[in-house]
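Written below as structure tokens is the structure these notes are about.
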Amino acid sequence: MTAVEPFDTVDLIRTKRGRGTLSTAEIDWLVDAYTRGYVADEQMAALAMAIFLNGMDRREVRDLTLAMIASGERMSFDGLGKVTVDKHSTGGVGDKTTLPLAPLVASFGVAVPQLSGRGLGHTGGTLDKLESIPGWQASLSNARMREVLADVGAVVCAAGSGLAPADKKLYALRDVTGTVECIPLIASSIMSKKIAEGTGALVLDVKFGSGAFLQDIEQSRALARTMVELGQDAGVATTALLTDMDVPLGRTIGNALEVRESVEVLAGGGPADLVELTLALATEMLQLAGLPDADPAAALADGRAMDTWRRMIAAQGGEPSAPLPTARETHVVTAPRSGVLTEQQGLPFGIAAWRLGAGRARAQDPVQAGAGIELHAKPGDAVTTGQPLFTLHTDEPARFDRALDALEGAWGIGDTAPERGSIVRERIGR
Ligand code: URA
């Protein structure tokens, strides 16, 4: 005998279509029934669109998050003997912050379990970046992950398929039904994975601006507030920084190029904006870990963070001293006139790097380790005629034209330096 289902999916769709609210029991059933295939994709797509158009209240978003967590495994780092703190970024162009940040925070004795993904579209994936290091392996068993956390303190590895499988299915459906950019759905998607991962505390880097997932600061603020509430409701100490992603972060976009720049930060150098963001996030993470007086800038300057980086890379099979791959071909774009670089829009630069081979269009596509863009000038810098502005890198020169098309109108030279505030605009949380 087949089990009798307690709800009718069409009733739930009608409720959200009519701006009503779903009960906790309805949401629990819906997520479970969708995961086991009883609720069909077309029904879930209709419901996602109704939520996209009519929203969800705070209780519904919390119930959706908890139901997605309950759809899979929940990890725990109890007994590790260290406080755990994680960071999640909503993604941006040239955002390699995880690479210097994880070993930096771990160098203070805090455990940083960083479950990351591969890139899709114009934002790069942390695992793709680290995979450009010879020998480095993204997959670790849960037991090995614990060992490395206990020993080195920082692990960046692939999230197993057991975490929040309902989200995996729903996110793929949203991707093809125009229902991604919806705050209740984004917040529950991100937070279900982060809470299931078992971290004790979490710092969110929520971006806004041209290279960000949500471009408008109001929307990003609303997303940050919703995620902070979800984390706190689930007993995970959570804060968020709202950060500017109008311009690519740092001076490199692309896998091995970004690893090189991250190592510069760990050596006490690196571009000012990347260092500013790394230190701001490290300060937040260390505060949540109960170390409000820790000085992350000192750990970059005196080599402690670099030591932890080398151990972190070696623990996953990588050779921290091995030369990084470089692309076979380069193309330099020079300044057509003298003046000041006035703009450098995040999104087109991300798309150009992707077209050069640094990113993938389909999940199964390979990426080129050496492809990407080096930025020799940033907005506000004075430039002179003929000076190199950007170098494009790829193994396949046929890719240059399409990358250059993406950059058309994405940067400019004028006479007055643009106003630029600091990267970190607001902090949300206790
Ligand atoms: N990242 C996620 O994990 N989920 C979303 O819905 C959007 C971005």
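The values are calculated or read from the model by the stated rules, or taken from the named source; none is laboratory data. Note that the coordinates shown come from a computational prediction; the quantities given were computed from them, not determined experimentally. Glycine also receives a Cβ, built like all others from the backbone with ideal geometry; neighbour counts cover every protein chain displayed.
Values for this structure:
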quantity: Residue selected from segment 376-391 under the condition of a type in the set (A, V, I, L, M, F, W, C) and out of contact with any Gly (no Cβ under 8 Å at 6 or more places or on another chain), by the criterion surrounded by the most Cβ atoms within 10 Å (Cβ to Cβ); calculated: Phe390
quantity: Hits in segment 322-337 (condition: of a type outside the set (D, E, K, R) and either within 15 Å of Pro397 (Cβ to Cβ) or out of contact with any helix residue (DSSP H, G or I) (no Cβ under 9 Å at 6 or more places or on another chain) (or both)); calculated: Ala322, Pro323, Thr326, Ala327, Thr330, His331, Val332, Val333, Thr334, Ala335, Pro336
quantity: Test result for Asp78, not hydrophobic (A, V, I, L, M, F, W, C) and not in a loop (DSSP other than H, G, I, E, B); calculated: no
quantity: Odd one out for Glu73, checked against (1) modelled with pLDDT of 95 or more; (2) surrounded by fewer than 19 Cβ atoms within 10 Å (Cβ to Cβ); (3) not small (Gly, Ala, Ser); calculated: (1)
quantity: Matching option when the condition is assigned to a helix (DSSP H, G or I) and more than 17 Å from the chain's Cα centre (by Cα), among Ala282, Ala305; calculated: Ala305
quantity: Set Thr15, Thr65, Thr35, Thr21: member being of a type outside the set (A, V, I, L, M, F, W, C), buried (at least 16 other Cβ atoms within 10 Å of the Cβ) and more than 22 Å from Lys168 (Cα to Cα); calculated: Thr15
quantity: Selection count, segment 85-109, where residues are surrounded by fewer than 24 Cβ atoms within 10 Å (Cβ to Cβ) and away from the ligand (no atom under 16 Å from the Cβ); calculated: 2
quantity: Residue match in segment 396-406 (condition: touching a Leu at 6+ places or on another chain (Cβ under 9 Å), under 16 Å from Gln345 (Cα atoms) and modelled with pLDDT under 95); calculated: no
quantity: Selection status of Glu42, without any contact (Cβ under 8 Å) to a residue 12 or more places away in the chain and of a type outside the set (Phe, Trp, Tyr); calculated: yes
quantity: Residue tally, condition of a type in the set (A, V, I, L, M) and part of a loop (DSSP other than H, G, I, E, B), over segment 237-268; calculated: 4
quantity: Of all residues making up segment 180-190, the number that are within 9 Å of the ligand (Cβ to nearest atom) and surrounded by 18 or more Cβ atoms within 10 Å (Cβ to Cβ); calculated: 7
quantity: Residue match in segment 205-213 (condition: part of a strand (DSSP E or B) and acidic (Asp, Glu)); calculated: yes
quantity: Failed condition for Lys207, given (1) within 16 Å of the ligand (Cβ to nearest atom); (2) closer than 19 Å to Arg58 by Cα; calculated: (2)
quantity: Selection within segment 132-162 - under 21 Å from Asp365 (Cβ atoms), surrounded by fewer than 20 Cβ atoms within 10 Å (Cβ to Cβ) and not polar (S, T, N, Q); calculated: Ala138, Ala158, Ala159
quantity: Criterion: within 14 Å of the ligand (Cβ to nearest atom), in the same structural domain as Gly235 (by TED's automatic domain parsing) and over 24 Å from Val275 (Cβ atoms) - qualifying residue of Leu149, Leu115; calculated: Leu115
quantity: Sole residue being part of a strand (DSSP E or B), among the β-branched types (Val, Ile, Thr) and outside the structural domain of Leu241 (by TED's automatic domain parsing), chosen from Thr385, Thr391; calculated: Thr391
quantity: Single match in Val180, Val148 (criterion: in a helix (DSSP H, G or I) and either touching a His at 6+ places or on another chain (Cβ under 7 Å) or over 18 Å from Ala282 (Cβ atoms) (or both)); calculated: Val148
quantity: From the options Thr391, Thr385, residue that is closer than 18 Å to Leu356 by Cα, among the polar types (S, T, N, Q) and out of contact with any helix residue (DSSP H, G or I) (no Cβ under 8 Å at 6 or more places or on another chain); calculated: Thr391
quantity: Odd one out for Leu173, checked against (1) part of a helix (DSSP H, G or I); (2) under 16 Å from the mean Cα position of the chain (by Cα); (3) assigned by TED's automatic domain parsing to the domain that holds Gly94; (4) closer than 30 Å to Ser141 by Cα; calculated: (2)
quantity: Residues of segment 107-145 satisfying the condition of being among the aliphatic types (A, V, I, L, M) and part of a loop (DSSP other than H, G, I, E, B); calculated: Val110, Ile133, Ala138, Leu140
quantity: Qualifying residues in segment 62-84 (those that are within 15 Å of the ligand (Cβ to nearest atom) and within 21 Å of the chain's Cα centre (by Cα)) - the one farthest from Val236 (Cα to Cα); calculated: Met68
quantity: All positions within segment 87-106 that are more than 21 Å from Gly198 (Cα to Cα) and part of a helix (DSSP H, G or I); calculated: Pro100
quantity: Ala154 vs. criteria within 13 Å of the ligand (Cβ to nearest atom), assigned by TED's automatic domain parsing to the domain that holds Ala282 and among the small types (Gly, Ala, Ser); calculated: no
